Amino acid sequence: MFQILSSRVAIALGLLTFFSIELSVAQCPQIEAIMIDACGTEQWNEFVIIHSGGGFNTSEIELDFDPNNNFAGQQNNDININANPCGLTAGNIGAYTGCSNLIAVGPGVNIPPNAIVVLQTSAGSQPGTYNFSNLCGGGQCVFVISSTCVRTGGAFTNGGGNGTRT
């Protein structure tokens, strides 16, 4: 019995030397840019550009704004986190020009790995505010999702103060 067991172990160990096993580590989504002090009506046109990393489901997006920017009612709250948050809805692709590969998505959509996602911080984005031809120049799909709330104040502080903001 011991000889049979040791032969099986040797065969199993021998197989491991012939096959390489690669473990891929999941890449987390990463913020690439934030439009602060936006053109047009500022609080309606701010957005975040996200690299999807290994991919994610849009229902998992949470955006926690600085508490100083969550004021004057529920419409200025965080997205999908904390008390009385704003939700997510399909993005307004009409807010951008120069890009034929924008795809409006809402909650529950699986974003593929290594994609670009634009998260609009307000549902009030105005048409044609930005030219995205450089962002979309690579030809890949750019997914656009939006907060359900129409903000009455900016989501990001424009300036002032010292130190790093997170």
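Computed from the coordinates by the stated procedures, all read-outs in this text should not be read as laboratory data. All of these numbers come straight from a predicted model, not from anything done at the bench. Because the Cβ atoms are built from the backbone with ideal geometry, glycine has one as well, and the counts that use them run over all protein chains shown.
Here the simple spin-label model places points 7 Å from the Cα toward Cβ, and for Ser133 and Cys28 these points are separated by 3.7 nm.
Full extension of the chain segment joining Val150 with Ile36 gains 39.4 nm, where the gain is 0.36 nm per residue of separation less the Cα-Cα distance.
When both bridge partners sit in the stretch 26-166, DSSP labels roughly 60% of those beta bridges antiparallel.
Place the peptides 125-138, 89-102 in order of packing, highest mean first, counting for every residue the other Cβ atoms within 10 Å and averaging per peptide. Working shown, then result.
Working: 125-138: 15.4, 89-102: 18.4.
Top of the packing list down: 89-102, 125-138.
Rounded to whole numbers, the Karplus 3J(HN,Hα) couplings from phi for the stretch 94-110 are x, 6, 10, 10, x, 8, 8, 10, 7, 10, 6, 10, x, x, x, 9, 7 Hz, using 6.51 cos²θ - 1.76 cosθ + 1.60 with θ = phi - 60°, and x at Gly and Pro. Using a simple spin-label model with pseudo-atoms 7 Å out from Cα toward Cβ, Thr157 and Phe71 lie 1.1 nm apart.
When each of the peptides 51-61, 29-39 is scored by the mean number of other C-beta atoms lying within 10 Å of its residues, the order from highest to lowest reads 51-61, 29-39. How far apart, in nanometres, would the label points at Ile81 and His51 be if each is projected 7 angstrom from Cα along the Cα-to-Cβ direction? Between Ile81 and His51, the label points sit 2.0 nm apart.
If I take R0 = 22 Å and measure r between the Cβ atoms of Glu62 and Gln140 in this structure, what FRET efficiency does the formula 1/(1 + (r/R0)^6) give, to the nearest 0.05? Please list the in-between numbers first.
Numbers: r = 25 Å, r/R0 = 1.11.
The formula returns an efficiency of 0.35 here.
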